[in-house]
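Enquirer: Here it is, the structure, as structure tokens.
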Amino acid sequence: MILTSMFLPQKKKEQEEQKYSFTKDTIKRLLRNKLAVAGIIILALLVLAAILAPWIAPYDYAEQVIEDAYMGPCGTHLFGTDEFGRDIFSRILLGARLSLIIGFIAVAIAIVVGGLLGAIAGYFGKAVDNIIMRLMDILMSIPSLLLAIAITATLGSSMVNLMIAVGIATIPGYSRIVRAAVLSVKDQEFIEGAKAVGTSDFKIILRHILPNCLAPIIVKATLDVAICILSAAGMSFIGIGLQPPSPEWGAMLSDARYYIRDYAYMAFFPGMCIALTIFSLNVIGDGLRDALDPKLRD
């Protein structure tokens, strides 16, 4: 025991150096991917716009000026106005905040709940594993968007309920990823060593097992944020997501579909913002997957 405690600081230092080297190498590989860098820039601009929206929006997103209705893009209204004379540029800026918050928090819910369920199932196995995985199979048998629609219809239309619904629909994927990672590491020597010194199961899961699952979780989370934003936009489009006058991009598209023949700009700008957000998150996810893949390392 004394000898083991003597070597622990040195071993910990070596592990920290390896972790730093791996992180630094991953960042370098990611930055060599030009498409991923473009995605990072686009996403950074969207996040910055969402944070600064209340200060840089030229008008109140809900302000109605009927005499300015159906005004095309011009100097006073960069993206034009809608049927109520509301400034579309201001609404898109505030909508960026809503869409990004929904996407990131929904994925955070899925990671926390799905990750813990997957870790518990893989670590304890047997009956616990069977019960949790059969529940995940039931959730996976229902299309995620349909499940989110059913949950939102039950809980009611609000931003919190929308995030919960989309998050619950995304849980099964994380539970399976974490369970597979746990099964691959739970019998290794460092886990046995942690058990031998009396570390509790909860600490072993949090400190030793879950950190080994971070790479696939990060990649999946990046891609799932895009899916969650798209799901929330789709639900708002069909009228069960955020309700007017909320400037959520899907709701703006839903309102603009009636005027798309004569005033296409009303649908173009929110649609383009959704497309740019999904594109940036997808290419970042692809770049992270390639950067973290040990088979592609030099």
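All of the numbers you see were taken from the coordinates with simple rules; none came from a lab. A quick note: this is a predicted structure, and the numbers were derived from the prediction, not measured. A quick note on method: Cβ atoms are made from the backbone with ideal geometry, for glycine too, and the neighbour counts reach across all protein chains shown.
Enquirer: Amide H of residue 82 versus every other amide H placed in the peptide plane: which residues, excluding those fewer than 5 positions away on the same chain, fall under 5 Å?
Expert: The answer is 70, 88.
Enquirer: Here is a further query. Scan (i) 39; (ii) 42; (iii) 20 for the value of percent of Cα pairs over 31 Å apart calculated from this model and give just the label.
Expert: Matching entry in (i) 39; (ii) 42; (iii) 20: (ii).
Enquirer: Output the pairs from 126/203; 34/186; 28/220 with a Cα-Cα distance over 26 Å in this structure; if there are none, say none.
Expert: Those over the limit are 34/186.
Enquirer: Continuing with the same structure: Could you calculate the contour length gain from residue 180 to residue 141, that is, 0.36 nm times the residue separation minus the distance between their Cα atoms, to one decimal place in nm?
Expert: 12.1 nm
Enquirer: Mind giving me the nanometre distance, one decimal, between the label points for residue 32 and residue 74, set 7 Å out from Cα along Cα→Cβ?
Expert: Inter-label distance under the simple model: 5.3 nm.
Enquirer: I've got another one for you. Residue by residue through segment 189-206, which ³J(HN,Hα) values in whole Hz follow from phi under the Karplus form 6.51 cos²θ - 1.76 cosθ + 1.60 (θ = phi - 60°), with glycine and proline marked x?
Expert: For segment 189-206, the Karplus curve yields 5, 5, 6, 4, x, 5, 5, 5, 8, x, 5, 5, 4, 4, 5, 4, 5, 6 Hz.
Enquirer: Applying the Karplus parametrisation 6.51 cos²θ - 1.76 cosθ + 1.60 with θ = phi - 60° to the phi angles of segment 242-255, what ³J(HN,Hα) value in whole Hz is obtained for each residue in order, glycine and proline being reported as x?
Expert: Listing the rounded values in order: 5, 9, x, x, 4, x, 5, 4, x, 5, 5, 5, 4, 5 Hz.
Enquirer: Now for a different question. Contour minus end-to-end for residue 62 and residue 158, with contour as 0.36 nm per residue of separation and end-to-end as the Cα-Cα distance?
Expert: Working: separation 96, 0.36 × 96 = 34.56 nm, distance 1.76 nm.
Taking 0.36 nm per residue and subtracting the Cα distance, the gain is 32.8 nm.
Enquirer: At 1.567 mPa s and 4 °C, plugging the Kirkwood radius over alpha-carbon pairs of segment 133-256 into Stokes-Einstein gives what diffusion coefficient in µm²/s?
Expert: 78
Enquirer: Output ³J(HN,Hα) for segment 157-170: one whole-Hz value per residue in order, computed from phi by the Karplus curve 6.51 cos²θ - 1.76 cosθ + 1.60 with θ = phi - 60°, and x for Gly and Pro.
Expert: Here the 3J(HN,Hα) series is 7, 7, 5, 5, 5, 5, 5, 5, 5, 5, x, 4, 5, 9 Hz.
Enquirer: Sticking with this one: What chymotrypsin sites (Phe, Trp or Tyr not before Pro) does segment 35-81 have in DSSP loop regions with at most 15 other beta carbons within 10 Å? Before the final figure, lay out each step's value.
Expert: Numbers: sites: 55, 59, 61, 70, 79; in loops: 59, 61, 70, 79.
Here the sparse-neighbourhood loop sites are 70.
Enquirer: Another question, then. Might you report the magnitude of the Cβ-based charge dipole of the chain about its Cα centre, with Lys and Arg at +1 and Asp and Glu at -1, to the nearest 20 debye?
Expert: 1260
Enquirer: According to a simple spin-label model (label point 7 Å from Cα along Cα-to-Cβ), what is the distance in nm between residue 262 and residue 195?
Expert: Going by the 7 Å Cα→Cβ label model, 7.3 nm.
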